[in-house]
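Read through the structure below, which is laid out as structure tokens, and then see the notes.
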Amino acid sequence: MPDHILSTQQFLDPQRLEELFGAADQLADANRLGTVEQSLIGKVVACIFYEPSTRTRLSFESAVLKLGGQVISTESAGHFSSAVKGETLEDTIRIISGYADAIVLRHPDSGAAQRAATVADVPIINAGDGDGEHPTQALLDLYTIRQELGRTDQLHIAMVGDLRYGRTVHSLLYLLSLSANIRISLISPEFLRLPQQYRDFLVARSVPTVEHQQLESVISDVDVLYMTRVQKERFSGPDAYEKVKDAFVLDQALLEQLPAQAVVMHPLPRITEITAAVDADQRAAYFRQARNGLPVRMALLQQLFG
Ligand code: NCD
């Protein structure tokens, strides 16, 4: 069976993570120096996106090209692939398996990457499956924490906003369960609480987790403030979205309560949940975080084809 990347539950191994992050460090350096080893020559990677994307698709495509491989892609697969004609995801994946050496897939349905993996004979990389997971984002998030704070343990991390539909949160929580002496604060409106399956996982792994309704209750005590966008596209109608869309907004006044050594992260895109005035603060790490998508995805591809 090919080496699919479907969930961060496949990465719950400290040594595997350290190898990945070490490779990402080296690739970031090599990229700066223009000395990246061309380990993907002759490989074709298909990027099949049924949902919008800026960072994930372009950083994957750039990662493939930097490693000497080539890309075929469809950025609105729901409109421009045979899905329009009624072809199933399974059939589409079977076909693309014959044209590409790996498939990076984003799809609105939770479990879509898993379904694709059951019929693909090349690796499937889950680039976001509905409100399920987004494993490569979580890997670059953890890499960013390691880079910004110099550690991934002894942490108090607050995850704020849409914990229900936010797939990056789900994938990151799995990874954080590996960290020693970690405390997690979950801050969301009632409607956007973290689903039970992730709560159960944290309990099973004995990760101390506390829920709050106010950001003010924890902000002065966190090391990582992980903000998220309310996932409008997952709501059934505009009313429910309107009620919660501005539940948590990090502005300059609130930022004053954040410890000097802490960092603010966000998978992006941000809408209203972080005001533009926050960007100039040294602790705002989200643009550095987005940049880390390139070396981390290069490292994943290198390992996949290594
Ligand atoms: C995230 C996603 O698609 O889940 N974006 C990303 O890949 N960086 C977060 C989001 O869309 O809010």
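The values are calculated or read from the model by the stated rules, or taken from the named source; none is laboratory data. Model, not experiment: these values are computed from the prediction. Note that we place each Cβ from the backbone using ideal geometry, even for glycine, and neighbour counts take in every protein chain shown.
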Exercise. Yes or no: Pro269 within 16 Å of the ligand (Cβ to nearest atom) and part of a loop (DSSP other than H, G, I, E, B)?
Worked result: yes
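Taking into account only those residues within the stretch 115-137 that are in a helix (DSSP H, G or I) and more than 10 Å from the ligand (Cβ to nearest atom), which is surrounded by the fewest Cβ atoms within 10 Å (Cβ to Cβ)? Walk me through it before giving the result.
To start, the set of residues in the stretch 115-137 that are in a helix (DSSP H, G or I) comprises 115-119, 135-137.
The next check asks that each one be more than 10 Å from the ligand (Cβ to nearest atom); those that pass are 115-119, 135.
Details: Arg115: 18, Ala116: 26, Ala117: 20, Thr118: 11, Val119: 15, Pro135: 29.
Checking each candidate, the answer is Thr118.
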For this session: Starting from residues that are under 21 Å from Gln289 (Cα atoms) and within 16 Å of the ligand (Cβ to nearest atom), keep the ones in the stretch 56-76 and report whichever is nearest to the chain's Cα centre (by Cα).
Result: Thr56
For this session: Scan Tyr226, Tyr241, Tyr286 and give me the residue that is under 30 Å from Leu67 (Cα atoms) and of a type in the set (Phe, Trp, Tyr).
Result: Tyr286
Exercise. What are the residue pairs meeting all of these: first residue in the stretch 97-123, first residue hydroxyl-bearing (Ser, Thr, Tyr), second residue part of a loop (DSSP other than H, G, I, E, B) and surrounded by fewer than 17 Cβ atoms within 10 Å (Cβ to Cβ), Cβ atoms under 9 Å, and 6 or more apart or on different chains?
Worked result: Ser97/Asp121
Exercise. Is there a residue being at positive phi and among the aliphatic types (A, V, I, L, M) anywhere in the stretch 258-278?
Worked result: yes
For this session: Identify, from the list Glu133, Glu87, the residue that is modelled with pLDDT under 95 and in contact with a Ser or Thr (Cβ under 8 Å, 6 or more places away or on another chain).
Result: Glu87
Seminar exercise, completed: Residue count, the stretch 27-55, condition part of a helix (DSSP H, G or I) and either surrounded by fewer than 16 Cβ atoms within 10 Å (Cβ to Cβ) or within 16 Å of the ligand (Cβ to nearest atom) (or both), comes to 5
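What is the residue count in the stretch 164-195 for residues that are part of a helix (DSSP H, G or I) and within 13 Å of the ligand (Cβ to nearest atom)?
Residues flagged as part of a helix (DSSP H, G or I) and within 13 Å of the ligand (Cβ to nearest atom) within the stretch 164-195 amount to 7.
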Seminar exercise, completed: Within the stretch 225-243, residues hydrophobic (A, V, I, L, M, F, W, C), surrounded by 20 or more Cβ atoms within 10 Å (Cβ to Cβ) and either more than 11 Å from the ligand (Cβ to nearest atom) or part of a strand (DSSP E or B) (or both) come out as Leu225, Met227
